[in-house]
Amino acid sequence: MRVKHAAFVLSAPSWGALPAPTAPEVAFAGRSNVGKSSLLNALLGRKQLAKTSGTPGKTQALNYYAVNPNPQGHPDVFLVDLPGYGFAKVSKSQRARWQQLVGRYVTERAEQGTLRAVVQLIDARHPPTALDEELLAIMLESPAPHLIALTKADKLSSNQRQQAVAGLRKHFEPYGLELPTVLTSAEKKQGLGELWTWIDTVV
Ligand code: GTP
Ligand code: MG
């Protein structure tokens, strides 16, 4: 898919605020600060469409971005920035709310046929953390296909990058999980073509 035009559509803080399920959606999940908004901006070819910050937990709603919307606003696909998972400073009840909203989103929207895929972002510099694993367990309740995007690959040497991919494969092997994995860098615009190709196949 070639991005001719991209636009922010809406920010949904609750289930009732989600748009009508009229176009395919691909969701981006990951713990706070992993680089979701940055990767979305890179994919959409825009610098500041999705807000990024050094402050974790900035995104607390589901943010919808339309790719190639027609004059009626109907896009080829919506990319959906999910609120960051496991932000240390949120309360227990906020965390429960997150689980309720995002858990329901990834299962029900997929069952509806609207959510076509989930991309989970994991920092390429470290093995998956307990938070990454908790999030993966929630995401795997969704029937939608999954892909792992390793982020901030520009911070690694080429040797370390290969080790990161191999390490991840090894990490998930005992769970019988073979998830397609793409190395990405929003900074260096790496892995974007590969991600789009995968998105095209699910959309
Ligand atoms: P929340 O919305 O808080 O959940 O965070 P997020 O996952 O959207 O992360 P965001 O895109 O805001 O990026 C967090 C920090 O990581 C920022 O300081 C970014 O500049 C930095 N960052 C993101 N992607 C990359 C990358 O590819 N390379 C490098 N070097 N830094 C990155
Ligand atoms: Mg963000």
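Considering each of 143, 174 in turn, give the residue that is more than 25 Å from residue 96 (Cα to Cα) and surrounded by fewer than 18 Cβ atoms within 10 Å (Cβ to Cβ).
On the way: 143 fails: more than 25 Å from residue 96 (Cα to Cα).
One residue alone meets the criteria, 174.
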For residue 153, work out the one condition from (1) closer than 27 Å to residue 12 by Cα; (2) surrounded by 21 or more Cβ atoms within 10 Å (Cβ to Cβ) it doesn't fulfil.
(1)
Go through (1) of a type in the set (Val, Ile, Thr); (2) modelled with pLDDT of 95 or more; (3) outside any strand (DSSP E or B) one by one and return the number of the condition residue 80 breaks.
(3)
Would you mention how many residues in segment 1-25 are closer than 16 Å to residue 117 by Cα, aliphatic (A, V, I, L, M) and at pLDDT 95 or above?
1
Could you tell me which numbered condition residue 108 fails, if it satisfies all but one of (1) closer than 18 Å to residue 61 by Cβ; (2) touching a residue at least 40 places away in the same chain (Cβ under 8 Å); (3) part of a helix (DSSP H, G or I)?
(2)
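Just to be sure, is residue 48 outside any strand (DSSP E or B), within 16 Å of ligand 2 (Cβ to nearest atom) and free of Cβ contacts under 8 Å to residues at least 12 places away in the same chain? Before you say what the answer is, go through the steps one by one.
Working: outside any strand (DSSP E or B): yes; within 16 Å of ligand 2 (Cβ to nearest atom): yes; free of Cβ contacts under 8 Å to residues at least 12 places away in the same chain: yes.
The answer is yes for residue 48.
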Scanning segment 154-203 residue by residue, the ones that are farther than 29 Å from residue 110 by Cα and not small (Gly, Ala, Ser) total 10
Within segment 26-45, is there a residue that is modelled with pLDDT under 90, within 27 Å of residue 154 (Cα to Cα), in contact with a Leu (Cβ under 7 Å, 6 or more places away or on another chain) and part of a loop (DSSP other than H, G, I, E, B)?
no
Looking at (1) surrounded by fewer than 18 Cβ atoms within 10 Å (Cβ to Cβ); (2) in a helix (DSSP H, G or I); (3) of a type in the set (Asp, Glu), find the lone condition where residue 187 falls short.
(2)
Looking only at segment 190-199, filter to residues that are in a helix (DSSP H, G or I) and not charged (D, E, K, R); which one of those is surrounded by the most Cβ atoms within 10 Å (Cβ to Cβ)?
199
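So if I check each of 86, 113, 73, which one is surrounded by fewer than 13 Cβ atoms within 10 Å (Cβ to Cβ), in contact with a strand residue (DSSP E or B) (Cβ under 8 Å, 6 or more places away or on another chain) and of a type outside the set (S, T, N, Q)?
On the way: 86 fails: surrounded by fewer than 13 Cβ atoms within 10 Å (Cβ to Cβ); 113 fails: in contact with a strand residue (DSSP E or B) (Cβ under 8 Å, 6 or more places away or on another chain).
Going through 86, 113, 73 in turn, just one is surrounded by fewer than 13 Cβ atoms within 10 Å (Cβ to Cβ), in contact with a strand residue (DSSP E or B) (Cβ under 8 Å, 6 or more places away or on another chain) and of a type outside the set (S, T, N, Q): 73.
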Of the conditions (1) of a type outside the set (Ser, Thr, Tyr); (2) part of a loop (DSSP other than H, G, I, E, B); (3) over 22 Å from residue 200 (Cα atoms), residue 137 clears all except one; give me its number.
(2)
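Here's the yes/no breakdown for (1) among the basic types (Lys, Arg); (2) under 24 Å from residue 196 (Cα atoms):
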| position | (1), (2) |
| --- | --- |
| 101 | no, no |
| 106 | no, yes |
| 113 | no, yes |
| 126 | no, no |
| 132 | no, yes |
| 143 | no, yes |
| 158 | no, yes |
| 162 | no, yes |
| 169 | yes, yes |
Reported set for segment 83-105 where residues are in contact with a helix residue (DSSP H, G or I) (Cβ under 8 Å, 6 or more places away or on another chain), in a helix (DSSP H, G or I) and not aromatic (Phe, Trp, Tyr) is 99, 101, 102, 103, 104
Report, ordered by the first and then the second residue, all pairs with beta carbons closer than 8 Å, sequence separation of six or more or different chains, a first member in segment 174-192 that is touching a residue at least 12 places away in the same chain (Cβ under 8 Å), and a second member that is aromatic (Phe, Trp, Tyr) and not in a strand (DSSP E or B).
179/172; 180/198; 182/198
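The values are calculated or read from the model by the stated rules, or taken from the named source; none is laboratory data. Bear in mind that the values here come from a model prediction, so they are computed numbers and not experimental data. Neighbour counts are summed over all protein chains in view; Cβ atoms, including those assigned to glycine, are modelled from backbone coordinates with ideal geometry.
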